[in-house]
Amino acid sequence: MFPERIETERLRFDRISRDTVDVFELHELYADGDDAAELFEYWDSPPHATVKETDDYVDEAEKLWDDAEGAKYVIRPTEGEDGAGVIAGTTGLYPDWEKRSANLGILLDERFWGRGYSGERADAMLAVAFDRLDLELVVAAHIDGNEKSRRAIEKYVDRYGGRYEGLLGNWLPVADTVVDVHRFTISRDAYVETTE
């Protein structure tokens, strides 16, 4: 149902599974290291303290895939890009089949911020959601206060004729609290109109 691999101009997305991803390499991205505080500041789960946590994350990704509840990918820059071949981040597409919609997610290593990778990744995931899965709506959201994500989301939402839906108060449980989330959407009709 989901593509195993997606390639764009500067990026390659490989399904997260035991066959495609080295758990130790993935753990380097998710590890609780020196730069974890900023990387995970606006993420819905804490960094991984052990390789076992990353291994469990791979198990979860395989289960989501097998149950058609989501597709998680590692993001790798392609040849010619700084950092070509290394894991630059992860992304996911999470359908809600009853609502004919899907949510996007991304975690990108700080070293790769500011390159437009979030938008290029959104282009690829929107194509999967609308052209392959025949969904009607894609949702992108960010935790209140995450200005970098807001700017990145606004760029591709505007490009595809999407809109800002509003602030969802007390929406997402994170650690010992519940945070507010800003929601943006892109409809199939707007996507088709802007890509024809």
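How many of the residues making up the stretch 1-15 are touching a residue at least 40 places away in the same chain (Cβ under 8 Å), closer than 27 Å to residue 114 by Cα and open to solvent by 60 Å² or more (accessible area, probe 1.4 Å)?
Filtering the stretch 1-15 down to residues touching a residue at least 40 places away in the same chain (Cβ under 8 Å) leaves 1-3, 6-15.
From what is left, the residues that are closer than 27 Å to residue 114 by Cα are 3, 6-15.
Restricting the remaining residues to those that are open to solvent by 60 Å² or more (accessible area, probe 1.4 Å) gives 7, 9, 12.
Qualifying residue count for the region: 3.
Of the conditions (1) of a type in the set (Val, Ile, Thr); (2) crowded, with 18+ Cβ neighbours inside 10 Å; (3) more than 28 Å from residue 3 (Cβ to Cβ), residue 178 fails just one. Which one is it?
Going through (1) of a type in the set (Val, Ile, Thr); (2) crowded, with 18+ Cβ neighbours inside 10 Å; (3) more than 28 Å from residue 3 (Cβ to Cβ) one by one, residue 178 breaks only (2).
So which residues in the stretch 21-43 are under 22 Å from residue 103 (Cβ atoms) and open to solvent by less than 80 Å² (accessible area, probe 1.4 Å), if there are any at all?
Across the stretch 21-43, the qualifying residues are 21, 26, 29, 30, 39, 40, 42, 43.
Hey, can you tell me all the residues within the stretch 28-71 that are in a helix (DSSP H, G or I), modelled with pLDDT of 90 or more and over 30 Å from residue 133 (Cα atoms)?
28, 51, 52, 53
Quick check on the stretch 82-96: of everything there that is aliphatic (A, V, I, L, M) and open to solvent by 40 Å² or more (accessible area, probe 1.4 Å), which residue is farthest from residue 9 (Cα to Cα)? Don't jump to the end; show me each part of the working.
We begin by selecting, within the stretch 82-96, every residue aliphatic (A, V, I, L, M); these are 84, 86-88, 93.
With open to solvent by 40 Å² or more (accessible area, probe 1.4 Å) added as a condition, the list becomes 84, 86.
Values: 84: 12, 86: 16 Å.
By that ranking, first place goes to 86.
Need the failing condition index for residue 184 against (1) of a type in the set (Phe, Trp, Tyr); (2) open to solvent by 60 Å² or more (accessible area, probe 1.4 Å); (3) touching a Phe, Trp or Tyr at 6+ places or on another chain (Cβ under 8 Å), just the number.
Condition (2) is where residue 184 drops out.
So which residues in the stretch 46-81 are farther than 20 Å from residue 172 by Cα, open to solvent by 60 Å² or more (accessible area, probe 1.4 Å) and charged (D, E, K, R)?
Those that are farther than 20 Å from residue 172 by Cα, open to solvent by 60 Å² or more (accessible area, probe 1.4 Å) and charged (D, E, K, R): 52, 53, 56, 59, 63, 66, 67, 79.
Can you list residue pairs whose Cβ atoms sit under 8 Å apart, with the first residue in the stretch 161-181 being within 27 Å of residue 136 (Cα to Cα) and the second being exposed (fewer than 13 other Cβ atoms within 10 Å of the Cβ) and basic (Lys, Arg)? Count only pairs 6 or more apart in sequence or on different chains.
Once the first residue is within 27 Å of residue 136 (Cα to Cα) and sits in the stretch 161-181, no partner that is exposed (fewer than 13 other Cβ atoms within 10 Å of the Cβ) and basic (Lys, Arg) comes close enough.
The values are calculated or read from the model by the stated rules, or taken from the named source; none is laboratory data. Just so it is clear, the model here is predicted, and its values are computed rather than measured. Glycine also receives a Cβ, built like all others from the backbone with ideal geometry; neighbour counts cover every protein chain displayed. For the accessible areas, the whole protein counts, side chains as well, though only heavy atoms, and no ligand, DNA or RNA atoms are used. Shrake-Rupley method; radii C 1.70, N 1.55, O 1.52, S 1.80 Å.
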